[in-house]
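Reviewing the structure listed below.
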Amino acid sequence: MYITFSILCRMCNSKLMRFSLRHKSRTTKTSLWLEQAYIGGEWLDATSGATFEVRNPANMQVIGCVPDMTVVEAQKALEVATKAFYVPEWKLITARERSQLLKNWHILISQHCAELANIITAECGKPLTESLSEVDYGQSFVEWFAEEARRIDGQLIASSMSNQEVLVLREPLGVAALITLWNFPMALVLRKAAAAMAAGCTVVVKPDEDTPLSCLALAKLSQMACIPAGVFNVITTNTAPPIGDLFCRSPLVCGISFTGSTEVGKYLFRESAGLLKRVSLELGGNAPFIVFESADIAEAVKGAMLSKFRNSGQTCVSANRFYVQSAVYEDFLKQLQAQVEALKIGPGYNKGVQIGPLINLAQLKRIETIMKDARSRHAKVICGGKRLQDIGELFYAPTIITDVDRTARIYREEIFGPVITLTKFDTEDEVVTRANSSLRGLSGYFYSQNLQEVFRVARRLEVGIVGVNVGLASQAEAPFGGIKESGIGREGGHYGIDEFTEIKYICLGGLKYD
Ligand code: SIN
């Protein structure tokens, strides 16, 4: 039975409301809370018996223990996924059947949204309402690619030979290795896996060591959805590099899709070159957020808050460098500061919380280091600018800084935290040049009510995703990805499937038409 999305959303929201009333600040272990890896349809421990701890970043308490797997188990997962690709031929079951299985998964994810949101908040720390949005966002990719699975069409091209036909097919790559980050522990897995599986690939997922539980919950739902054993596999590990190397060097892996840092992305790209693998990379950004004087300032402030503080600024598409035209600078800053200072900070389970903790100590220390560097270059702190240890070890105050030097690390690097750098500008040329001065080109945003300016600037920004009068552009229907050092390939939209398919040309000759 197919339930429409809006009904599912209503079900999700009311479930979440009931759920959050019952569970104020505790981690609840439901049937989707699994602490074993999932390979070939079986729930497994590491061969060595080794495990590693998963912590709640809001209070650093251990909330689970999962297998610390090595290349031994990763190799097994690749073999199992290879077998499932050929026998019982996931690649050859009909597109309609694949689509139906993905729809089953989509429905189950939607039906379990409250439990899934609870797991995300437990291990990633984001506010429960944001976790629910993430589940909703994630399941929208499964729904989208379930629909796309039936439209992976080829072509019949007019041949220049009278007795021939040119046929073009799109075939699945084979086994895809998916490596995901902690900031969207469900949505990133689903955006990659649903596209790969719709194309007919089987997958081995290596979730981030900070957030493996979300991915394991998805594995359980894939099992309940009757997705055949070996099609969706999850290996958990606290030692990612050797497994990344295996993915790059093993002939069993036909494609790698990675979300994470530019440095690691480049490494995987280099290492995969030996076997000329298909590699898709979603890497860091350094998004400009421009407010022109023609903008609706209240709307621009709203967009800025959304773009910057979603997941405490820990998203690749978060606005990093804010530029505001001189005539509206003071007004924008005043409205922005009022909203930033009003943000409610705390553990993600607490009612009304908008800002959770940072993911780990390394991330917090990085923010402190780049803030120190900015201060040493005379940046002015308008608000925030400090840790909030009375709430918890990993909380950092939402911050606005101005007078940021162009050489400051906080200006040049992706912040990945709740800090806004604000700069005044005068002309469009000046701001576009500054916006494009970064080597990262994932996303960029601007607010303007001037139609000429809208089209001009949208075309001039050197990024893969432009948000015009919006602070968040991500959606399943649209291609997500960057240019320059922000990555290769696209996820989502019609293009998401391309990363997991090969083109095959068949020249059909000897035809007698006369
Ligand atoms: C990311 O930060 O990696 C993903 C953000 C999004 O999909 O909006």
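Would you mind giving the average projected area, over all directions, of the Cα convex hull of the chain in nm² with one decimal?
Average projection, Cα convex hull of the chain: 26.3 nm².
For Phe232, enumerate residues with amide H under 5 Å from its amide H, sequence gap 5+ or separate chain, H modeled in the peptide plane.
HN-HN under 5 Å from Phe232: Val203.
Ignoring everything but the protein chains, give the 1.4 Å probe accessible area of Cys507 in square angstrom, nearest 10.
60
Against the empirical 2.2 N^0.38 Å scaling, what ratio does the C-alpha Rg of the stretch 287-476 come to? Don't skip to the end; give the middle numbers.
Numbers: Rg = 15.7 Å, N = 190, 2.2 N^0.38 = 16.2 Å.
So the Cα radius of gyration is 0.97 times the expected 2.2 N^0.38 Å.
Arrange the residues Met305, Met224 by how much accessible surface each exposes, largest first, with a 1.4 angstrom probe. Walk me through the intermediate numbers first.
On the way: Met305 25, Met224 85 Å².
Sorted descending by solvent-accessible area, the residues read Met224, Met305.
Do any of Lys29/Lys351; Lys126/Lys372; Lys76/Lys220; Lys126/Lys424; Lys192/Lys386 go past 29 Å between their Cα atoms, and which? Please report the intermediate quantities before stating the final value.
Numbers: Lys29/Lys351 20 Å; Lys126/Lys372 25 Å; Lys76/Lys220 19 Å; Lys126/Lys424 31 Å; Lys192/Lys386 36 Å.
Among Lys29/Lys351; Lys126/Lys372; Lys76/Lys220; Lys126/Lys424; Lys192/Lys386, the Cα-Cα distance tops 29 Å for Lys126/Lys424; Lys192/Lys386.
Show Leu439, Leu167 ordered by accessible area, largest first, where the area counts protein heavy atoms only and the probe is 1.4 Å. Please report the intermediate quantities before stating the final value.
Numbers: Leu439 110, Leu167 45 Å².
The ranking, largest first, comes out as Leu439, Leu167.
Sorted from largest down, what three extents in whole angstroms do the Cα atoms of the stretch 344-397 have along their principal axes?
For the stretch 344-397, the Cα extents along the three principal axes come out at 38, 24, 16 Å.
Given R₀ = 35 Å, FRET efficiency for Gln61-Arg249 by Cβ-Cβ distance, to 0.05? Could you put the intermediate results ahead of the total?
Values: r = 38 Å, r/R0 = 1.08.
Working from the Cβ atoms, E equals 0.40.
If amide hydrogens are placed 1.01 Å from N in the peptide plane, which non-local residues have theirs closer than 5 Å to the one on Phe52?
Val66, Asp68
Gap in Å between the Cα centre of the stretch 480-505 and the Cα centre of the stretch 451-473?
Centre-to-centre (Cα) distance: 21 Å.
So, R0 is 56 Å and r is the distance between the beta-carbons of Lys372 and Ile506; what FRET efficiency does that work out to, to 0.05?
Numbers: r = 61 Å, r/R0 = 1.09.
According to the calculation, E is roughly 0.35.
Name the residues whose placed amide hydrogens come within less than 5 Å of the amide hydrogen of Tyr447, ignoring near sequence neighbours (fewer than 5 apart) on the same chain.
Ile290, Val291, Phe292, Asn469
Using the 2.2 N^0.38 Å rule of thumb for compact globular proteins, work out how the stretch 162-248 stacks up: its C-alpha Rg over that value, please. Don't skip to the end; give the middle numbers.
Working: Rg = 15.8 Å, N = 87, 2.2 N^0.38 = 12.0 Å.
Here the answer is 1.31, to two decimals.
Just read off the accessible area of Ser162 with the full protein assembly in place, 1.4 Å probe, to the nearest 10 Å².
Estimated to the nearest 10 Å², Ser162 gives 110 Å².
Ignoring ligands, DNA and RNA, please state the percent of accessible area on the stretch 291-352 from carbon and sulfur, probe 1.4 Å.
Values: 1160 of 2220 Å².
That fraction is 52 percent.
Can you sort Glu89, Glu115 by 1.4 Å-probe accessible area, starting with the largest?
Largest to smallest exposure gives the sequence Glu89, Glu115.
How far is helix 95-111 tilted off the main Cα axis of the chain, in degrees rounded to 10, range 0 to 90?
Its long axis makes an angle of about 40 degrees.
So what's the gap between the Cα centers of the stretch 50-119 and the stretch 221-270, to the nearest angstrom?
What the calculation gives is 11 Å, centre to centre.
So how much accessible area does Thr30 have, in Å² to the nearest 10, using a 1.4 Å probe?
Result for Thr30: roughly 40 Å² accessible.
Give the angle, between 0 and 90 degrees and rounded to the nearest 10, that separates the Cα long axis of helix 451-460 from the longest principal axis of the Cα atoms of the chain.
60
Between the helical axis of 262-272 and the dominant principal axis of the chain, each derived from Cα atoms, what acute angle in degrees is found, rounded to the nearest 10?
Tilt of helix 262-272: around 20 degrees.
The values are calculated or read from the model by the stated rules, or taken from the named source; none is laboratory data. Everything quoted here is computed from the prediction, not taken from an experiment. Using ideal geometry, Cβ is built from the backbone for each residue, glycine included, and neighbour counts are taken over all protein chains shown. Please note that ligands, DNA and RNA were not included when accessible areas were found on the heavy atoms of the full protein model with its side chains. Shrake-Rupley method; radii C 1.70, N 1.55, O 1.52, S 1.80 Å.
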